[in-house]
Structure formats: structure tokens, C-alpha cells
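Worksheet: the structure to be examined is printed underneath.
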Amino acid sequence: MNAMKTVQSHNTKISLDEETLVWTIQKRNIIWRTRAEDRPLLFCEEGSFYFCEADQIFHQVFKNGVGEGIQSRFQWKNGYSFETIVWIEAATEQIYFEWIPFNETGLHVQKVLWPSEMEFDEPREDWYTLLTLQQGVLLPNTWENALGPAAFDGRFETAGGYMPWFGQVKERAGYLAVCVTPWNAGWRAEHPAKGPYTHVGAWLEQSLGKMNYRRVFRYTFLEDCDYNDLCKVYRTYAIEQGHLKTLAEKAVRNPSINQLIGCAFVHTGIKTSVQPDSAFFDPKDPEKNNHLIPFPAREQQIIQLHEHGVEKLYLHLDGWAQPGYDNCHPDYMPACMEAGGWEGLRSLVETVHRCGYLFGTHDQYRDYYHNAPGYDKRYAVCLPDGTIPSHNRWAGGWQSYLCATQAPYYVRRNFDELEKHGIHLDGTYLDVFTCNEGDECDNPEHRMTRRECYEYRSSCFSYLLSRGILTSSEEVSDWAIPSLVFCHYAPYEFMMRPAGSPRLGIPVPLFNLVYHDCVIEPWMMEHFEDTEDYMLYALINGGAPYLIRDGAYPNCDGAFVSETDLSKSIKRCRVVSGFHEKVAECELVHHDLITNDGSIQRSCFSNGMSVTVDFTKGTYSFH
């Protein structure tokens, strides 16, 4: 029989099998146990090593003024060592899993697989896993489709994990695993087609070549709960951290937020210029992706929308500068001359404002294009091995990444220039900041961790807000909540793929159950006659509608179709905008799956309003 170490605090008990390193957690009569098959593992330059392969392993029980737990030391002959501390906080009975590097000589650790997955192997649909992949996924153990690779490898604080947590529920008992130190971490999960299980755990990675700080997960175990309860536990955590900032709070400083609520969103552009060294360039038809729409034509479009009775609108304008969309950033000036120059852009903005609408620009302070006039590789992100990551995926061709330490300087420079030319912005969109991972840079002149990268990005948002410019970015992310007002979208993962693609689980609004009253989210409004109506997802999430969504890259980033019947689109948008005006500043208190497969859903908001949608019938009703 294996030796065990056990600690109990009030109604919670934890036990460690000293040979297998399996943890057993018991909350009254509910038991959770980590999988023996998912052995904690170090991935190193020298190879892979299980924790249990350490040359010396010590376990001891400890108690201090705030809790008690089990401390373990793992040490190799070459000197490498780390500790794990798993302990129960007496005041809350929450359990903390901590991984702490002690001596990093001897091994070069790149990734750690820990904490381990829980046993979760019953073929039941009321056993489900919650993943914060984009808006949210509820994955029953019996789900018919396999779970494939996740966006950004499940990295927290990206589209792969809007929020740094995952959870599981079995017959109304559940747990929420919050990554307290999310900057270099993510979730990992496995679910084969039809189950009968789902396994989810965590991974931790190096920062600037080392695992040089304590990594912490906080587990909360509930005896009677569903996904709503887990989301509310996290909302409370966000409030306790001073991290949750509502739209109402933000509007005290920037009252124009109130004008944005209830707007229909128009996303369109001026100039697209695909460079010959871009992956998008077609040598057989070099003009295929080169387009120009003059500023006066966009003015007429705005006037037409006003004449059609659109009362509230936000115009997001791509490709407004001379280089064209996704070109030469961050040196993105002047206004496109062929389209009408500064005078043409200024006239467009004035027309937007004369119609009572709001105006904002697309901008970019991460992609650092090699053909930008000011490009200097000294300020590009540099990895610890001295390499500078580069690619040529987008229209501007070859690019690196601008170290975020430099981004605030460029933001101030560029927005000062816009103001000098009389371009009065209501909002702006800083591309990819809240979708892509934070960068790390090892250039000693501007060394930056991933955590610091998020802080620099946030400072860009805060600066814009200080100038009365509402902030937006590609998607949403937990780190940005205090300084982000709206986004391009916050979709379910299936919306980023062609209609009818297999789903990874049941779409549920995990993010909005936490942060609905903090960020304005425009939603896709496409109606696929043979499948479903995306308008219903806008309603169930209490979001804003896209009236026109004319992306620069067709069939990319969810831009697969476009509604052509303007009158019909306006009518549909009025329904969504009207509901958004009523609930935008309200907490999404509860979300229900009326049917087990999620075909009928209901959302209830803190002002007492609710909406029920039937995705099969394509119907909705307000209450």
C-alpha cells in the first residue's frame, strides 16, 4: 500500500499518494481525484522527465496562520529542483496548487504539465467540461465530435482562453480552476468523438528562457452548482481583485459610452494593397486584392443609411491611410491620397457626426512591417536565442512584432497627428491586442515579460480613454477589462469557421456571465437559411449588431458571407439594438439551456429582462 499524506480543514480534505503523485480532494461526500495516467511532466531541452523521476523527493505536512497543506520537493543530481505546495485556505476552503522553481541550473525547462487532469470518465451528458475558448464551450462527456487543437494552444488571455480558468461539473458537483498567474499558462484537454470522457489540465511555460516565478492555480469546489455558479465564482474573484470595471463605471469618465450603447456597427474600408511578398498575393491576378473606395463614396453610404432610418451607428474604418490596410504599421500616415487625403477623411468624419453617428479607425501597434519607413529591428521583439520572429501572412508582407514597450510612444505620436489634421475620433481599434498572446522580448535595451506586455497594451488603451477616445480591439480578454470599452467581436469558436462546421461543444456565454456589463460586443448577424440565424446569438448574449461587416480578407476571421438586403438587415438590427439599449449595462445573471442540446436557451439580466431563443425554429421572445 502506497504511503499517503493527508490534511483536513473544516469540510475539505486533501491527500497525496507519495508514489503516484495522485491527489484526492474530498469536500464532504464529493470526491475528486487526479488521473494517475496524467503524470506531472517537465519538457526540457535535454528531454522529458516525470516529477516522479527526480533523484530525491520529499513530502511534508505544514500548517501556518492561514491554512495547511502538503509541501513537496523534487531534486535532481545535476542540481535542478522545484517544489509543489498544495494547501487549503482555512477561511474559504479553496485549494491552491503552487509550482515553485528553486534551482534552475542542470535542466532547461520549457514547459510543465501540471496541475494534472481530473478523473472524469463517465459516459453521461450531465458530466461536462467548461472551456473559456472564446465566448465559451460546454463539452458534455458524450459529445459526438472530438476536441481538436485549440486556438493559441488554449493559452490564457488569448482567443484560446478569454478568461484564465476551466471547470468541470458532474451531477451538480463541480470545481473551478483559476490560474492566478496566467501570463505563461493555458489549458490542455482531450475529448474523443462520442467520449466517453473529457480530460482537462494545465500547462505552464518558461518566461524569457526560465520558469523563474511561482505559478499558482486556485481551485474552488462546489457541492451543488452548474456553469452559471462557476462563472459567478469567477466574477466574485474579478471583483475582489479590483479587476471588474463596468460600463457604467467607465462612462463616468467617458460619457460617450452611452452613445455607443444601442449602435449598429458598420465595418468597412478604403484601401487594400496586397504586397508582392505577402502570402495573400496572387501572381496570376495581381490586382485581385487591391481595392480603393474613395472617402466621398463612404460618405454617401453613411447618408444612405441615415436616410433608411438607422438612428444609431458606429463606423469602423479600415485602410484609411496611404499605405492601405495592414501595411507599414506603425508608420500609418497620411490619410489615403487617392481616396481624397486628409480633406476627404475629415469630410467623412464630419458627415458621420452630422448624422448623429460615431466614427473610429482601425490601427495596429503589434505588427511591425519591414517596409515601414521607421522600421528598425532593434525595436522588434527578440527571443532569448537572439532570433526575431517574422512572417508574411498579411497584406503588408514581411513583418516582425513591435516590442510593446515602444507601442505607447507610437500611439501618442499617431493620434496627435490625427488631431492636428482635424480628425476627431469617437473610438479606435487597436488590432490583435486582445486576441493574440502577449509578446516577450529579451533585447536588454527593452526587455519585457508577457505580463509586462499586457500592461503596456493596457497603457495604450488608458491613454486613448484619457483623450476621450473609446477603446476597442479584435476580441476580448480578461486582462483588458479595466481599459477596454468595446471589441470587434467576442464570438463562439464555431463562428470563426464556415457555417455547418462540426462544433466542439455546446456554445454557452461563459465570458458574458462574468463580464457582460463591462464590454460592448458587436455580434455577427448572418442568416444561413439551411442551418441557423446568428442574430439569435446576438440576442441571447445581449449584444450589439453588425449592420455591415465587410472585412478586408474574405473567408478569413469569420468573414464568410455578407447580407445584401439592406432593408432586411436594418430591420433585424433594430431588434438587436433595441434590446442592447435595455441590457448593455446589466449583469447577465443567469443563462439556461432549456433543452439538453442547447437548441433552446434563455438569458436573464439584472434589470429583470430576459430573452428566449429557439435555434431550431429561428424564433425569439422577450420577457
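The values are calculated or read from the model by the stated rules, or taken from the named source; none is laboratory data. The structure presented is a predicted model; accordingly, all values stated were derived computationally and were not measured. All Cβ positions, glycine included, derive from the backbone under ideal geometry; neighbour counts span all protein chains shown. For accessibility, only protein heavy atoms count, side chains too; no ligands or nucleic acids. Shrake-Rupley method; radii C 1.70, N 1.55, O 1.52, S 1.80 Å.
Restricting attention to the stretch 550-580, the residues that are crowded, with 24+ Cβ neighbours inside 10 Å and at pLDDT below 95 total 1. Candidates are the residues of the stretch 1-16 that are over 37 Å from the mean Cα position of the chain (by Cα) and without any contact (Cβ under 8 Å) to a residue 60 or more places away in the chain; the one that is most open to solvent (accessible area, probe 1.4 Å) is Met1. From the list Lys582, Lys571, which one is in contact (Cβ under 8 Å) with a residue 12 or more places away in the chain and basic (Lys, Arg)? Exactly one of Lys582, Lys571 is in contact (Cβ under 8 Å) with a residue 12 or more places away in the chain and basic (Lys, Arg), namely Lys582. Per the conditions (1) without any contact (Cβ under 8 Å) to a residue 40 or more places away in the chain; (2) open to solvent by 60 Å² or more (accessible area, probe 1.4 Å); (3) within 29 Å of the chain's Cα centre (by Cα), the sole criterion not satisfied by Gln110 is (1).
Quick check on my filter: what residues within the stretch 606-623 are in contact with a helix residue (DSSP H, G or I) (Cβ under 9 Å, 6 or more places away or on another chain) and over 15 Å from Val576 (Cα atoms)?
Narrowing the stretch 606-623 to residues in contact with a helix residue (DSSP H, G or I) (Cβ under 9 Å, 6 or more places away or on another chain): 606-607, 609, 611-615, 618-620, 622.
If the condition is that a residue be in contact with a helix residue (DSSP H, G or I) (Cβ under 9 Å, 6 or more places away or on another chain) and over 15 Å from Val576 (Cα atoms), then Ser606, Asn607, Asp614, Phe615 are the ones that fit.
Please work out if Asp416 is charged (D, E, K, R) and part of a loop (DSSP other than H, G, I, E, B).
Values: charged (D, E, K, R): yes; part of a loop (DSSP other than H, G, I, E, B): no.
No, not satisfied.
Output the residue which, of all residues in the stretch 361-370 that are open to solvent by less than 70 Å² (accessible area, probe 1.4 Å) and assigned to a loop (DSSP other than H, G, I, E, B), is farthest from Arg467 (Cα to Cα).
Of the residues in the stretch 361-370, the ones open to solvent by less than 70 Å² (accessible area, probe 1.4 Å) are 361-369.
Those left that are additionally assigned to a loop (DSSP other than H, G, I, E, B): 364-366.
On the way: Gln364: 18, Tyr365: 18, Arg366: 21 Å.
The selected residue is Arg366.
I want to confirm something. Restricting to the stretch 145-186 and keeping residues that are of a type in the set (Asp, Glu) and at pLDDT 95 or above, which single residue is surrounded by the most Cβ atoms within 10 Å (Cβ to Cβ)? That would be Glu157. Checked against the criteria, Asp530 does not count as open to solvent by 20 Å² or more (accessible area, probe 1.4 Å), assigned to a loop (DSSP other than H, G, I, E, B), within 22 Å of Leu133 (Cβ to Cβ) and acidic (Asp, Glu).
Table: residues versus (1) of a type in the set (Phe, Trp, Tyr); (2) outside any loop (DSSP other than H, G, I, E, B); (3) touching a Cys at 6+ places or on another chain (Cβ under 6 Å).
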| residue | (1), (2), (3) |
| --- | --- |
| Tyr325 | yes, no, no |
| His329 | no, no, no |
| Phe359 | yes, yes, no |
| Pro373 | no, no, no |
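Just wondering, is there one or more residues in the stretch 256-273 that are within 30 Å of Leu130 (Cβ to Cβ), small (Gly, Ala, Ser) and either surrounded by fewer than 19 Cβ atoms within 10 Å (Cβ to Cβ) or in contact with a Leu (Cβ under 7 Å, 6 or more places away or on another chain) (or both)? Checked against the condition, which is being within 30 Å of Leu130 (Cβ to Cβ), small (Gly, Ala, Ser) and either surrounded by fewer than 19 Cβ atoms within 10 Å (Cβ to Cβ) or in contact with a Leu (Cβ under 7 Å, 6 or more places away or on another chain) (or both), the stretch 256-273 yields no hits at all.
Could you list all residues from the stretch 460-495 that are of a type in the set (S, T, N, Q) and surrounded by 21 or more Cβ atoms within 10 Å (Cβ to Cβ)? Quick ask: steps written out before the conclusion?
Residues of the stretch 460-495 that are of a type in the set (S, T, N, Q), as a first pass: 462, 466, 471-473, 477, 483.
Answer for the stretch 460-495, where residues must be of a type in the set (S, T, N, Q) and surrounded by 21 or more Cβ atoms within 10 Å (Cβ to Cβ): Thr471, Ser472, Ser473, Ser477.
Would you say Glu452 is open to solvent by less than 10 Å² (accessible area, probe 1.4 Å), modelled with pLDDT of 95 or more and of a type in the set (D, E, K, R)?
Details: open to solvent by less than 10 Å² (accessible area, probe 1.4 Å): no; modelled with pLDDT of 95 or more: yes; of a type in the set (D, E, K, R): yes.
Taking the combined requirement at face value, the residue does not satisfy it.
Please go through the stretch 73-85 and give me each residue that is more than 20 Å from Lys13 (Cβ to Cβ) and not in a loop (DSSP other than H, G, I, E, B), ordered by number. Matches in the stretch 73-85: Arg73, Phe74, Gln75, Ser81, Phe82, Glu83.
Residue check: is Val200 at pLDDT 95 or above, more than 21 Å from Trp479 (Cα to Cα) and open to solvent by less than 10 Å² (accessible area, probe 1.4 Å)? Spell out the reasoning first.
On the way: at pLDDT 95 or above: yes; more than 21 Å from Trp479 (Cα to Cα): yes; open to solvent by less than 10 Å² (accessible area, probe 1.4 Å): yes.
Yes.
Restricting the stretch 37-65 to residues that are open to solvent by less than 50 Å² (accessible area, probe 1.4 Å) and part of a loop (DSSP other than H, G, I, E, B) leaves a set whose member that is nearest to Leu107 (Cα to Cα) is Ala54. Residues that are in contact (Cβ under 8 Å) with a residue 60 or more places away in the chain, basic (Lys, Arg), more than 23 Å from Tyr456 (Cα to Cα) and open to solvent by 40 Å² or more (accessible area, probe 1.4 Å) do occur in the stretch 379-394, at least one of them.
Within the stretch 336-357, how many residues turn out to be of a type outside the set (Gly, Ala, Ser) and either part of a loop (DSSP other than H, G, I, E, B) or open to solvent by 10 Å² or more (accessible area, probe 1.4 Å) (or both)? The total comes to 11. The sole residue among Arg447, Arg457 that is open to solvent by 10 Å² or more (accessible area, probe 1.4 Å), of a type in the set (Lys, Arg), on the phi < 0 side of the Ramachandran plot and at pLDDT 95 or above is Arg447.
Considering the stretch 297-319, the residues that are in a loop (DSSP other than H, G, I, E, B) and farther than 20 Å from Glu338 by Cβ include one that is least open to solvent (accessible area, probe 1.4 Å), namely Val310. Would you mind stating whether Tyr410 is in contact (Cβ under 8 Å) with a residue 60 or more places away in the chain and not in a loop (DSSP other than H, G, I, E, B)? Yes: the conditions hold for Tyr410.
Considering Ile100, Ile70, Ile88, Ile31, which residue is in contact with a Leu (Cβ under 7 Å, 6 or more places away or on another chain) and either assigned to a strand (DSSP E or B) or within 19 Å of Ala185 (Cα to Cα) (or both)? If you could, list the steps in order and put the result at the bottom.
Working: Ile100 fails: in contact with a Leu (Cβ under 7 Å, 6 or more places away or on another chain); Ile88 fails: in contact with a Leu (Cβ under 7 Å, 6 or more places away or on another chain); Ile31 fails: in contact with a Leu (Cβ under 7 Å, 6 or more places away or on another chain).
Result: Ile70 is the single residue among Ile100, Ile70, Ile88, Ile31 that is in contact with a Leu (Cβ under 7 Å, 6 or more places away or on another chain) and either assigned to a strand (DSSP E or B) or within 19 Å of Ala185 (Cα to Cα) (or both).
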